[in-house]
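In what follows, a structure is listed as structure tokens, so that the remarks can point back to it.
The values are calculated or read from the model by the stated rules, or taken from the named source; none is laboratory data. If you're wondering where the values come from, they're calculated on a predicted model, not measured in any experiment. Counting neighbours? That spans all protein chains shown, and the Cβs are built from the backbone with ideal geometry, glycine included. Side chains included, ligands, DNA and RNA excluded: accessible areas come from the protein's heavy atoms. Shrake-Rupley method; radii C 1.70, N 1.55, O 1.52, S 1.80 Å.
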Amino acid sequence: MSDFGFHLAFWSLAAMTLGGASMIMISRNLIHAVIWLVMSMLGVAGLYLTLSADFIAVVQVLIYVGAISVLMLFAIMLTPRAERDNSQNMKTGGPAAIVVLLVMISTLWVAIDTDWGAVREAALTEQARLIGESLIKHYILPFEIGAVLLTAALVGAIALARQDDEDAAVHASSLQAELEGDASVDPVDVVDPPIPSDGEAGS
Amino acid sequence: MIIGLEHYLVLGALLFCIGFFIALSKKNAIGVLIGVELMLNAVNLTLIAFSRFGSAEVALSTQVFVVFIIAVAAAEVAVGLALALVVYRNRQTISVDRTTLLKG
């Protein structure tokens, strides 16, 4: 009976993952696409659990489902005048389909045809402890490089995304004007920083 | 039928191909990033499958590798979305068709 449960889990999680990914391809609305991405990531996390990788599954939920999807929603909402639509590019769609079809045929052929020599040993126990120990002992140099990479990416993202000083000043003054009840400032324009007329209206 | 390594490999290959197609064909830069995330997830799924169906020392190092991939993916998406914001601020669009400043 536990075999039946495993089958049920695998096939439903596989359907969830591939279905979510296909809905990203089909969906016309970018925000819906991110929601489908969350579903697909949750399916992958469940598949990690069926592979007895519990620590990785928790990390997947925390980072992908929690952080990256929220980051993407923020980026979508911070680009209000860009098109929301998630449509395909008609010019590159055809060649892309051909390339992807070739990749799919070759990878599927390799996956099915190769004798992988799979062994079914007992799964690792205490994975979090084992991974932590080997990160600190064995993989200490990659671990430190990863820390530096994350710091650099964080600083770089902030440096890229932060506004210039003049823009920030304009934005702040128009916000101030709005707070003081200045009716001449259009509240729609206040939301978008790089509009020079706002500065005159605010100051 | 026993669910074995091949099932997970086929699933990972299909997920990778869907992500690849999304990354190649979407118009919106954030859509392209979503496709890249799907591809990275497919690779992680394949690695974890190999970790489960391999010997014990392979299992541990594969999981550590997946942790590194997740960290690099987080850094990549943070910088990518910041770049999308900068492109939007300068050009009022993040459509990859219309950011053609380098086109000769």
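Observations, loosely collected:
- When the helices (runs of 4 or more DSSP H) confined to the stretch A:111-182 are screened for residues that are at pLDDT below 90, open to solvent by less than 90 Å² (accessible area, probe 1.4 Å) and under 27 Å from A:Ala57 (Cα atoms), those reaching at least 2 such residues are found at A:127-136.
- Residues being facing chain B (nearest Cβ under 9 Å), open to solvent by 40 Å² or more (accessible area, probe 1.4 Å) and either touching a residue at least 60 places away in the same chain (Cβ under 8 Å) or more than 14 Å from A:Leu47 (Cα to Cα) (or both) - total across the stretch A:1-28: 2
- B:Asn41 meets all of the listed conditions (1) within 22 Å of A:Leu49 (Cβ to Cβ); (2) more than 13 Å from the chain's Cα centre (by Cα); (3) facing another protein chain (nearest Cβ under 8 Å) but one, namely (2).
- Annotation: A:Arg81 fulfils all but one of (1) assigned to a helix (DSSP H, G or I); (2) open to solvent by 60 Å² or more (accessible area, probe 1.4 Å); (3) at pLDDT below 90; (4) in contact with a helix residue (DSSP H, G or I) (Cβ under 9 Å, 6 or more places away or on another chain); the unmet one is (1).
- Any hit, the stretch B:69-85, residues being more than 7 Å from every other protein chain (Cβ to nearest Cβ), modelled with pLDDT of 90 or more, under 29 Å from A:Asp113 (Cα atoms) and surrounded by fewer than 23 Cβ atoms within 10 Å (Cβ to Cβ): yes
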